[in-house]
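Participant: One structure is given below, represented as structure tokens, and several questions about it will come after.
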Amino acid sequence: MNATSAVETSVPVTPGPATTAARLIYRHTLPIRIMHWINVIALTLMLLSGLQIFNAHPYLYWGNRSDQGTEWLALAAQEDAAGNLVGTTRIGQHQINTTGVLGVSKGSDGTPVARGFPSWLTVPSAGWLAMGRRWHFFFAWVFVLNGLCYIGYSFARKHLQRDMWPTRADWRGIGRSIIDHIRFKHPHGAEALRYNILQRLAYLTVIFLFGIGIVLMGLAMSPRMDAVLSPLVEAVGGRQSARSIHFIIAWAFVAFVVIHLFEVLVSGVFNQLRGMITGYYKIGPEPAAPIEAKPAPVTPEVTPGPLAGEPTPIAEDPRHE
Amino acid sequence: MSDRRSFLRMAGMGAVGMLLAGCDRISQSGLGTRVLGSAEGLNRRVQALLSPSSAMAKEYSEADISPVFHPNGTTMPDTPAYQALMANQFRDYKLQVDGLVSRPAMLSIADLKALDDRTQITRHDCVEGWSAIGKWRGTVLSAVLDHVGVSPQAAFVVFHCFDEMDVDTPYYESVDIREARHPQTLLAFELNDQPLPVPNGAPLRLRLGRQLGYKQAKYISRIELVSSFKEIGDGKGGYWEDQGYEWYAGI
């Protein structure tokens, strides 16, 4: 990938000529791509090892204490009259039978065992708290250091300020953007390179609220850190509240990833994957109707394309990482 | 369509299965566990920087005390030595303090009280995830260490316990001198204004303000000052440490 130099150019930005042919745009720089995939690995392993840790006590509480009977979430196992294990999930006062998945699921020998989340959702697959903690804390460092690099890099390269911080025009277009998303309508021209308002809000929420929040709530569970973080712990209600919030944010990350993958799927899975693997993203011909939003600036240099037979890639201002 | 869907489902499950199987293999391998375990040293050093060794755990009020302080692990040591002491309400109990000290001692609960007597309400956090708050009365470990005189070579305080986790595998734990000297590190003999109940570690247990529950040895029979814990148990510094848990349990 030798196009980085092209991305670094600071040629005066001029609106590009209306293009009709499809073209490849260098969209995601190498550091962003590497950090993205490190994050995929770290988040996946933290979720799976986190569920292993959760299974050691599959109950959640609010406050500082874990008094029996005050759980707001409980993945429990009971024996029915016939002696079979029944798995239940209780949220507040609502309890449902979740045998086979939550509360009770098949152990390694195929017989039902009491465990919060099933073995196919935990690392390691067997109940093994000590090892789950090793995975979790190792990848916690990967996640935190990678996240700090990402924020630092994106800030230095103005990726955060330009591509994610919503503009006034973005806010005005929020209704339109919601409707477009509901109709699975995705722009194909230069507009596809720009993060829309919902993307901007989603990314900012995930990075700053979820990312920082889940790390702080993880630290708030550490008794050593609580010697200095006690005001934060008490502000969220107590250590068990921090554990609950940590769990909720973990699933909020899952919800984000589900939506993210869905959007990748409906907006062109091959093109999006190529964008995040090679950096090159193809945009289609401009629609006949003039676009209201300003077209993406294009620098005149042409770099050799890495993909023979593809439309000639055009070096792009690094606004769209 | 349903063919494709089931294919995708199989492929997805195959990918997840391969990921989990790979993780399981790493979990079983020596190198894998060592690499993953390297985070422990980082946690210990970084947490010592962010939360200095003098930092105090929060102390709670009477209203915060758990109605039931859940006992975990051993709740009734069955060794003859312990059973004999229990039969006599621990009146004959004496804590043995030896190792790298200048004045080895045998201390009764009354002796401990004479050395130092304080009460604190702190939170107990189990490695499993639950928490309980209790009011502990005890003797600060630092006072005991001063009483026996710690040799300069001593680096760790080892707690030997009455309860056996397996045949000839007594529970034990260890902390470094700095943690042992922390003002909230107590040898507790009372819980919630009552003599320490047997399930909670009678007659004497360790209380650390800033580490997880498994570090807080119950049923202490002997305290030994050592320069290294390599020769004790499987050499990892504690019963649960020998089972793969971290020696540093600050997180």
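We did not get these values from a lab; they are worked out from the coordinates using the rules stated. All values reported here derive from a predicted model rather than from experimental measurement. All Cβ positions, glycine included, derive from the backbone under ideal geometry; neighbour counts span all protein chains shown.
Participant: In percent, what relative contact order does segment B:57-242 have, based on Cα pairs under 8 Å that are 6 or more apart in sequence?
Facilitator: 26 percent
Participant: By counting other Cβ atoms within 10 Å of each Cβ, how are A:Asp109, B:Asp176, B:Asp193, B:Asp146 ranked from fewest to most?
Facilitator: Taking fewest neighbouring Cβ atoms as first place, the list is A:Asp109, B:Asp193, B:Asp146, B:Asp176.
Participant: Per residue of segment A:149-157, in order, report the coupling 6.51 cos²θ - 1.76 cosθ + 1.60 (Karplus, θ = phi - 60°) as ³J(HN,Hα) in whole Hz, putting x for Gly and Pro.
Facilitator: In residue order, the calculated couplings are 4, 4, 5, x, 5, 5, 6, 4, 8 Hz.
Participant: Average partner chain C-beta neighbours within 10 Å, per residue of B:38-45?
Facilitator: Average neighbour count from other chains, rounded to a whole number: 4.
Participant: If you don't mind, another one. Could you size up the charge dipole of the protein assembly as shown around its Cα centre, putting +1 on the beta carbon of Lys and Arg and -1 on that of Asp and Glu, and report it in debye to the nearest 20?
Facilitator: Once rounded to the nearest 20, the dipole reads 1640 debye.
Participant: Can you give me the distance in nm between label points at B:Arg34 and A:Val266, each placed 7 Å from the Cα along the Cα-to-Cβ direction?
Facilitator: For the pair B:Arg34/A:Val266, the computed spacing is 5.0 nm.
Participant: Within 10 Å, Cβ to Cβ, of B:Val144, how many net charges do the neighbouring residues add up to if Lys/Arg are +1 and Asp/Glu are -1?
Facilitator: Local net charge: -3.
Participant: Please name which of A:Ala81, A:Thr111, A:Thr70 has its Cα lying farthest along the dipole of segment A:59-116 towards the positive end, using unit charges on Cβ (Lys, Arg +1; Asp, Glu -1) and the Cα centre as origin.
Facilitator: A:Thr70
Participant: Once the dipole of the protein assembly as shown is set up with Lys and Arg at +1 and Asp and Glu at -1 on Cβ about the Cα centre, which of A:Ala192, B:Ile121, B:His182 lies farthest towards its positive end?
Facilitator: Positive-end residue among those listed: A:Ala192.
Participant: Fewest first, what order do B:Leu50, A:Leu193, B:Leu225 take by the number of other Cβ atoms within 10 Å?
Facilitator: Neighbour counts put them in this order, fewest first: B:Leu50, A:Leu193, B:Leu225.
Participant: Provide a whole-number value for the mean count of partner chain Cβ atoms within 10 Å of the Cβ atoms in peptide A:61-70.
Facilitator: Shielding by partners across A:61-70 averages 5.
Participant: Placing +1 on the Cβ of each Lys and Arg and -1 on the Cβ of each Asp and Glu in the protein assembly as shown, which of A:Gly218, A:Thr99, B:Ser102 has its Cα farthest towards the positive end of the resulting dipole?
Facilitator: Comparing the listed Cα positions along the dipole, A:Gly218 ranks first.
Participant: Let me ask another. About its Cα centre, how strong a charge dipole does segment B:57-242 have in debye, to the nearest 20, once Lys and Arg get +1 and Asp and Glu get -1 at the Cβ?
Facilitator: 540 debye
Participant: Let a ≥ b ≥ c be the square roots of the eigenvalues of the Cα gyration tensor of segment B:57-242; is it rounded (a/c under 1.5), or, if not, prolate (a/b larger than b/c) or oblate?
Facilitator: rounded
Participant: Sort A:219-228, A:275-284 by packing, meaning the average of other beta carbons within 10 Å per residue, with the highest value first.
Facilitator: A:219-228, A:275-284
Participant: Neighbour counts of other C-beta atoms within 10 Å: give me A:Thr99, B:Thr79 arranged from fewest to most.
Facilitator: Ranking A:Thr99, B:Thr79 by Cβ neighbours within 10 Å, fewest first, gives B:Thr79, A:Thr99.
Participant: What 222 nm value per residue comes from the helices of the protein assembly as shown, counting each DSSP H run with n ≥ 4 as -39,500 (n - 2.57) and dividing by all residues, nearest 500 deg cm²/dmol?
Facilitator: -12000 deg cm²/dmol
Participant: Same structure, new question: Counting only DSSP beta bridges with both residues in segment B:57-242, tell me the antiparallel percent, nearest 5.
Facilitator: 90 percent
Participant: Still on this structure, please answer the following. Under a Cβ-Cβ cut-off of 15 Å, what is the net charge of the residues other than A:Val123 that fall near it, where Lys and Arg count +1 and Asp and Glu count -1?
Facilitator: Value of the local net charge: +3.
Participant: Nearest 5 is fine: what % of DSSP beta bridges in the protein assembly as shown come out antiparallel, could you say?
Facilitator: That works out to approximately 90 percent antiparallel.
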